[in-house]
Every structure is written in C-alpha cells, then in structure tokens.
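Report on one structure; see the data block that follows.
Bear in mind these aren't lab numbers, they're just calculated from the coordinates by the rules spelled out. This one's a predicted model, so the numbers in the text were calculated from it and none came from an experiment. Here Cβ is always computed from backbone atoms with ideal geometry, including for glycine, and neighbour counts include all displayed protein chains.
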C-alpha cells in the first residue's frame, strides 16, 4: 500500500453501516486526516447502525435485536472510540464521559437472583457446582494452545454433567454459548473475561449505556459523522468488487452495487481504500408482535452474505462464508422486547428478585429463556409511565413449559403467557398480557460467528494478498480477541485503518490480559472451587 499519499486526495469506501464501519470512519478522520467528504458508507438497509439497533414507540411497542453489556477491561477499543465522539446529552462531554457519569451517578438496585428453577424458586449460585474434572478441564483449556481445539466443540471437551452446573447456566447465558459452539471461542472468552469470574453470579462488573445501543452508541456517532460531512448511502447493496493486480496484490478497482434495484458502480483508484463488513449476525431477521409469530428465513432472504460469498470465490485468503451461513440450526435464537403500559410486571419482578438490572435466567425453561429489566427509560423518547425490558431464548425451537408450542411459532401474547408461567405470576397473568406489547425477533445467524471453524475460514483484517481492501466486523480474524462483542468490531476498524494507512507509530489498543495478573487469577480460582 502506497502510504506517501496526500490524505485529502484519498477516498475511502466503507461497506455496511454497522459499528465497524462507523468506527473506521472516525479513525480515518481523526488519525488518518482523510477528508470526511471523501468517505462514503454504503448500507443495504434504510437505517444505520447494523446490529446496534433500536426503534419503535410506546404505542406500537419498541424493538431491539439485542442488548449490550460493557466491561471496562475487555472493552478498551470501545472506550477509546467513545472518547472521540461528543455526547448528544451534553456537547461538552464525550460519549465516554456521559457513559462514565451515568454508571457513576446511577444507583443500580441489582437483582440478587441470577437463576430461577422450574418451580420459580431462587437458585443458590454461590457454588459453581464444578467437579474436579471440570475444574481441571477449564484450567487445561486456558493453558493449552488454541490450535489444540481447532474444529472442536465445547461439548467435546467437557462431561455431560458440566452442562448442568450453575457455572454453565450463568456463563453460557451471559455470552450466548451453546454446547456445540466452537471450543476456540469458548477458550478465548475464558481468557478475555477471567476477571469477571467472581462477578458472573450478579454481573456486578458490567457497565451499562444510558439508553439502548442505538440511542447511546449509533446515534451520536452517526450524528457526528454527518456533521463532519461523511456521505451515507442507505438502500445501497454492494454485491461485488472487481480487482486489478498491483505489486503482486489484489487492488479493488470497481465497486458494484444496487441502489433501489438499479445496477451501479464506482471506480476505485489504487490510492483509494475499501473496507468491507462481511457476513451479518442479524441478517434475515423476522419480527413478530402480540398477534403475529416470527418467521425463519435463510441467507437468501436479504442477501447480506452475498458480497462475502462472491469475494470468497476470487481469493481463498478472503475466507469461507459457507462455514458460518449454512448452519442455521446451530446459530439461531430469538430475542424479545417487551413494552409495558403499567408498572405491574416491573413491580412484581422487583419483589421477586430484590431489584432489577441483572440478567435472570430460567434454567429449567425448555426455551432456555433469560430476561433483563434495564434502567429506565431505555429509549430516548420513552414516556415516564412506560417500561421496557428485553430477553432472549437459546432454544426457541423447543416447546414451552406452559405454552406447548415452539417459541418461534408463538405470538407475543403467548410468549408473555410462558413468562408468567415460569415466574408463577398466574393471578396477574391476564392483566400483564393485556398491558404488554411483546415483539419477538428471530435471528437465524445471531451466533454464527461462534460456530466451529478452522484456520483461514475467517479472513485476516488485511489479507496478505490485498493492496487496498480490508475486512472488518465480526467475521474477520483477530488473534486472541472475542467475537460477539462491540469491541471486536471496533478493534477490526483500528487494525484496518492503521494498517492500510501505514500508521506504524499508532499502536492498536492492547487487549487486556487478566490472566497475567496474580490477583485476577486467584480471584477466578477461588470462585471456581467454591
């Protein structure tokens, strides 16, 4: 890559308007001194933010694909990004300032219940219930090199009893792991979040944004980028690149895209840069409501995987998307966003759990359901008399305990009926269902990045055969880092920008290595053997 270029003459094209592209644009402007008007962001949808979404209103109900938790140590790249963008609440503060202020000033009346049993009993989680063999395997997994677990599933490494322990119930629902997921990814999480072992019972180490992920993260970044002059092109689906060879490497020379079904293209010069978010966790999602069930679609529904599929045929160094987009049964789950018109449900949950804010998992739920009641308001425009909660199920393909249907086949009212049954809120069930808007959201690829894989299935951020192309987001390869985190996407943006611009003097934000801290290790060990 020719780095001896006037940055004001260089153009940058970003595919996808998720957090990876938004972060890349920020770094290109602030570190690379690229003119904002020369940065163009293509987005297939008509909304920006990718998986960091949030929409709706109090009348029709709110909806959010997911809910984000933050961790000071493990989210260093994200904190760096937050420090670079002004807050919408106070222009004199950065997003990070506002984030820290919120977490410092807010008294989180945390729930003292993490797991609930089949008879709505509170489970004592002081013991992880790990056998000596399981403890030894966890320790060995952290010590053994990653290559030892290539293609291995988590269930290949542990006894069947391990998956019925308090540790597994809490760890897997905190991070959305399934037994058949990659042992490599599980191992990476053990390393990256070893400092959170003592807090897995109450999630006390978790930090929260003031509002949902869209209002707190996407909106302030997009607002700043637009004010700077960055060009956004919504409803534009990039389908392929054409390449030429420069110095023995592939250089993008043409971007092919569709804008409202019109075939278009843009010429790319050798000094220009192209960053592509490939793959999608939330591709082909389906949303239901109180009276409508969700649908399950495949990758052809919206074509979010098409670009990567096409690029993978050009160069084997560009990865193998089929490893991740053809195993829906292993990657699907369903989330729910509940909009409450009365305080009854929140009041009952406070009485039951002793507080809110902590994820609560129904360990014997056939759907393996978890819910969380965040600090209110959860949306910027949310009225004072409306409350919003979120939840998700790892086994939506199973029949419910009380509603004898698969969760994917249930309407919002039926999902609320199941939740009331799990909590034994039977005498209040009708009132709760009547005053609640529950929207299910099925995401067929939501944990596809956790699927078993081999070296080379995910492309390097800047492949060795690339001249001006980088891969960003959840499906590129970053050594030692953990996918399914905002930080992974932001780190990919840092690596892409610093590498393509040749900013050798800029160090990518280091990964926190808690396993080298004696106090952290002792705390984790003490918790594990309790």
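How far is helix 344-353 tilted, in degrees, relative to the longest principal axis of the Cα atoms in the chain, given as a value from 0 to 90 rounded to the nearest 10?
Taking Cα atoms only, the helix is inclined about 80 degrees.
How high is the FRET efficiency from residue 112 to residue 507, r the C-beta distance, R0 41 Å, rounded to 0.05?
Given R0 = 41 Å and the Cβ-Cβ separation, E is 0.50.
Based on the mean of other beta carbon atoms within 10 Å per residue, what is the order of 255-266, 297-308, 498-509, most packed first?
The packing order, highest mean first, is 297-308, 498-509, 255-266.
What is the list of residues in region 155-187 whose amide nitrogen lies under 13 Å from a point 7 angstrom out from the Cα of residue 127, following Cα to Cβ?
165-167
Between residue 454 and residue 413, what is 0.36 nm times their sequence separation minus the Cα-Cα distance? Round to one decimal in nm.
Stretched fully, the residue 454-residue 413 segment lengthens by 10.6 nm.
Run the numbers on the chain and let me know its relative contact order in percent, using alpha-carbon pairs under 8 Å that are six or more apart.
24 percent.
Can you figure out the FRET efficiency of residue 258 with residue 480, using R₀ = 35 Å and their beta-carbon distance, to the nearest 0.05?
Taking R0 as 35 Å, the efficiency between residue 258 and residue 480 is 0.40.
I need the fraction of alpha carbon pairs in the chain separated by more than 32 Å, rounded to a whole percent.
Distances greater than 32 Å cover 43 percent of the Cα pairs.
Express in whole angstrom the spacing between the alpha-carbon centres of region 488-530 and region 3-81.
Cα centres, region 488-530 to region 3-81: 21 Å.
Could you tell me the relative contact order of region 53-108? Use alpha-carbon pairs under 8 Å, at least six residues apart, and round to a whole percent.
17 percent
Using only alpha carbon pairs under 8 Å that are at least six residues apart, calculate the relative contact order of region 261-338 and give it in whole percent.
21 percent
Starting from the Cα of residue 8, move 7 Å in the Cα-to-Cβ direction to define the label point; list residues of region 260-288 whose amide nitrogen is under 18 Å from there.
What the label zone holds, given the 18 Å backbone N cut-off, is 272.
Measure nothing but the geometry: give the 0 to 90° angle between the long axis through the Cα atoms of 219-228 and the longest principal axis through the Cα atoms of the chain, rounded to 10°.
Value to nearest ten degrees: 20.
Could you tell me the calculated FRET efficiency between residue 231 and residue 90, based on Cβ-Cβ distance and R0 = 25 angstrom, to the nearest 0.05?
About 0.35, to the nearest 0.05.
For the residue pair residue 310 and residue 249, what label-to-label distance in nm results when each label sits 7 Å from Cα along the Cα-to-beta-carbon direction?
Those two pseudo-labels are separated by 2.3 nm.
Measure nothing fancy, just the Cα-based angle from helix 412-423's long axis to the longest principal axis of the chain, in degrees from 0 to 90, nearest 10.
50 degrees
Ranking request for peptides 159-167, 408-416, 476-484, 386-394: highest mean number of other beta-carbon atoms within 10 Å first, then the rest in descending order.
386-394, 408-416, 476-484, 159-167
Quick one: if you take sqrt(5λ) for each eigenvalue of the C-alpha gyration tensor of region 436-522, what semi-axes come out, biggest first, whole angstrom?
27, 22, 14
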